[in-house]
Amino acid sequence: MKRSLFAGAALLAVVILPAGANAQIKIGVINSYSGQFADTGAQIDNGIKLYMKQHGDTVAGKKIEIIRKDTGGPNPDVAKRLAQELIVRDKADILAGFTLTPEALGAASVSEEAKKLMVVMNAATSIVTTKSPYIVRVSLTLPQIADTLATWAVKKGGTKKAYTMVSDYGPGIDAEGAFQKAFKEAGGEIVGSVRMPVANPDFSAFVQRAKDLNPESIFVFIPGGAQPAALGKAFAERGIDPKKVKLLSTGEPVDETAIKSMGDLALDRISAWHYDFNHKSKMNSDFVKAFNAEYKRNPDFFAVGGYDGMHLIYEALKKTNGNADGDALIAAIKGMKWESPRGVIWIDPETRDVVQTVYIRRVQKVGNDIVNVEFDKIENVKDPVKAAMKK
Amino acid sequence: MVPTDTISAPQLYLQSLSRWSATEIAFWLATLLPFFLFPNYLSLASQIAITALFALSLDLILGYAGVVSLGHAAFFGIGAYAAGLFSKFVWGEPISGLLVAALLAGLAGYATSFIICRFRHLTLIMLTLGLGLLAFEVANSAHWLTGGSDGLQGVRIWPLFGIFKFDLYGYTAYSYSLAVLFLFFLGMRRLVHSPFGLALRGIRENLVRMPAIGAASRAHIRKAYTIAAAVAGIAGALLTQTTESAALESISFQRSADVLVMLVLGGAGRLYGGLIGAIIFMIARDQFSGIAPQYWYFWIGILLIVVVMLLPNGILGGLSKIFARWSRK
């Protein structure tokens, strides 16, 4: 009896309060700001801050306030509690951020129950958007990249026999599955595969095993950090020449830090990804310049996720005229299309997931710099997993 | 009423230990305060209660029996996944989920206790660390069962007793966690103030001497370790049920380390040490990370250094020392 009385009182308080406090819109940003993934959280945050600096902190007459919360890593229970607290305690109108899939999955049920818009700025596992009708994603899905790369490799890349090497954890297994499926469907053959421990500093045995099978290409998925350089060295030591055996991967193993530590060893590596700071467009060069001026570093795909996420929120609020109701916002974002630093992207009205161009790049020397150079692209790529579900 | 002269001195000693003091009663009444004073913090309060239960289970083996463990999260994780999988494949009734989790974690504890009871000190630290990491890797590689690093999907918990839904504000979650914590605290309190509890303390103080006076030390350690594992499993199950999610984090080294820090912070071997430690650690973490999401661990570190340097026996140990000095005057 007492319990329900208090629940009632609290509910009443929540119903009454927002009516009075209408001048601002609070966005609760949940990210990994500490621990192993701290830098990714920081880059998303930089993207958010830069967008707000460029576009002001007032939209449709409402002041935007950001409340940041740290999950400390892939903790769904913490993410869920933070989401609850943001809505109950801080009266947040919108949830955003989500570096890692477990965080997004943890908070999903809260966004559904509270009917609040939830903007996923990174977490790349396909299923995330299916967990609540109020989730929208502006980053990428891993299958979107791996599937596209596999199809490209068979049809245009001229390779029929591939070997896959992935780190033995969730995203690695997803990437392996997506790549192998699409590669076979396009008419290629997987000659072998290996799953390597996530924390494995010595790749030579795995690389040797791949070499013994004499594949035409090798697909790699490993987490960023120190591993890409170690793997690059292992390839060189075992005599695998990227000019003869195509080394394929997603964007992480050839990101800016990885290329810097690999140097010439990175040359001729081929990758598929949705954003690189070397992407040629007016919008992107302005973005990179502003980002460098502000944070003394280049933006990466995390930063773009944060930037585009804020753009989506701003535009949606403009459309609803400042109404932060979850249903109104989700209706406003469906089918929204805009130019991002990575090119034109839009939100699939059916899945609320991002549709974008996937670029095929090769690591090359440009002047004195070693960078990813885009040489092919596949436009309007939707998440293949959800497309397959529909069939 | 039993005449006092028929009761032996040890019994009287144990009775005096298990008498409820006013401070204790006040403490438990205070746990109801969040309902009235901080209704917006109930989900945090619920996770504090769960962590406190977990710390309590570690206190039994570390604080009382002197078994140092760096892998206690293994049992927490087993409980968490057991409750999650149970709700996914059998049914979502929470109480039965708790029992299943306790049973599985207890079994795992019983199985490993045969190794644990043979070693002490540094070897034990390495051993429990190894077992904990093994459990983590098993959960990680059993992707088909646990969902790997994405976390377990499809956990659906029915309303408690079929009436109380786990709500957004955390009323049900906190009531439920607090009730379970209190229940197991009562059990634990009874346990450590029994002859068995005394035997455990004897083991902590002098392992070699205990068999000499006829105590079956290894059997005692095995029993305590199994009980602690089962209780840790219950704590894990509570976390799964109140958040409807289970992830690798629940079985990770970080969780084992955090709970050890809480116990050291609060004071090991005093039942309330784990509870106080959990409350302070979790609230500090919540507040500090609200101020600076990137650097909150720095402040936790400072807090820990200050406590360890000024109060080597934890906050409770320090307080009781001050209190003893004050009452002597």
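The values are calculated or read from the model by the stated rules, or taken from the named source; none is laboratory data. Source: prediction; values computed, not measured. Here Cβ is always computed from backbone atoms with ideal geometry, including for glycine, and neighbour counts include all displayed protein chains.
Screening B:R209, B:R190, B:R255 for residues that are surrounded by fewer than 18 Cβ atoms within 10 Å (Cβ to Cβ), at pLDDT 90 or above and either basic (K, R) or under 16 Å from B:F76 (Cα atoms) (or both) leaves exactly one candidate, B:R190. Candidates in the stretch A:250-260 are the residues that are touching a residue at least 60 places away in the same chain (Cβ under 8 Å) and β-branched (V, I, T); of these, the one that is surrounded by the fewest Cβ atoms within 10 Å (Cβ to Cβ) is A:I259. Of the residues making up the stretch A:261-298, those that are surrounded by fewer than 18 Cβ atoms within 10 Å (Cβ to Cβ), within 24 Å of A:L149 (Cβ to Cβ) and free of Cβ contacts under 8 Å to residues at least 40 places away in the same chain number 1. Would you mention how many residues in the stretch A:156-190 are more than 14 Å from chain B (Cβ to nearest Cβ) and under 23 Å from the mean Cα position of the chain (by Cα)? The number of residues fulfilling the criteria is 8. Apart from one condition, A:E65 fits all of (1) farther than 16 Å from B:G290 by Cα; (2) surrounded by fewer than 21 Cβ atoms within 10 Å (Cβ to Cβ); the exception is (1).
Note on the stretch A:129-142: among residues that are crowded, with 24+ Cβ neighbours inside 10 Å and of a type in the set (V, I, T), the one that is farthest from the chain's Cα centre (by Cα) is A:I135. Quick check: anything in the stretch A:366-373 of a type outside the set (V, I, T), at negative phi, over 19 Å from the mean Cα position of the chain (by Cα) and not assigned by TED's automatic domain parsing to the domain that holds A:Y51? Yes, that holds for at least one residue.
Every residue, every condition in (1) part of a loop (DSSP other than H, G, I, E, B); (2) aromatic (F, W, Y), yes or no:
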site: A:V288; (1), (2): no, no
site: A:Y314; (1), (2): no, yes
site: A:D327; (1), (2): no, no
site: A:V344; (1), (2): no, no
site: A:T351; (1), (2): yes, no
site: A:I370; (1), (2): no, no
site: A:N380; (1), (2): no, no
site: A:M389; (1), (2): no, no
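Every residue in the stretch A:149-162 that is buried (at least 24 other Cβ atoms within 10 Å of the Cβ) and either part of a helix (DSSP H, G or I) or outside the structural domain of A:A175 (by TED's automatic domain parsing) (or both), please. A:L149, A:A150, A:A153 - these are the residues of the stretch A:149-162 that are buried (at least 24 other Cβ atoms within 10 Å of the Cβ) and either part of a helix (DSSP H, G or I) or outside the structural domain of A:A175 (by TED's automatic domain parsing) (or both).
Condition check ((1) out of contact with any helix residue (DSSP H, G or I) (no Cβ under 8 Å at 6 or more places or on another chain); (2) over 22 Å from A:R137 (Cα atoms)) across all residues:
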position: A:D264; (1), (2): yes, yes
position: A:N278; (1), (2): yes, yes
position: A:F287; (1), (2): no, no
position: A:E294; (1), (2): no, yes
position: A:R297; (1), (2): no, yes
position: A:G305; (1), (2): no, no
position: A:K319; (1), (2): no, no
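Residues that are without any contact (Cβ under 8 Å) to a residue 60 or more places away in the chain and either more than 9 Å from chain B (Cβ to nearest Cβ) or farther than 25 Å from B:G154 by Cβ (or both) were ranked within the stretch A:87-114; the one that is surrounded by the most Cβ atoms within 10 Å (Cβ to Cβ) is A:A104.
What residue, of B:I283, B:I234, B:I221, is under 12 Å from the mean Cα position of the chain (by Cα) and in a helix (DSSP H, G or I)? Talk me through it step by step, then tell me what you get.
Numbers: B:I283 fails: under 12 Å from the mean Cα position of the chain (by Cα); B:I221 fails: under 12 Å from the mean Cα position of the chain (by Cα).
Being under 12 Å from the mean Cα position of the chain (by Cα) and in a helix (DSSP H, G or I) holds for just one of B:I283, B:I234, B:I221, which is B:I234.
Of all the residues in the stretch A:26-78, those that are more than 9 Å from chain B (Cβ to nearest Cβ), out of contact with any strand residue (DSSP E or B) (no Cβ under 6 Å at 6 or more places or on another chain) and assigned to a strand (DSSP E or B) number 2.
Scanning the stretch A:196-233 for residues that are within 14 Å of chain B (Cβ to nearest Cβ) and modelled with pLDDT of 90 or more gives a single hit, A:F221. Residues in the stretch B:208-227 that are closer than 14 Å to B:V67 by Cβ and in contact with a helix residue (DSSP H, G or I) (Cβ under 6 Å, 6 or more places away or on another chain): B:M210, B:S217, B:H220, B:R222, B:A224, B:Y225, B:T226.
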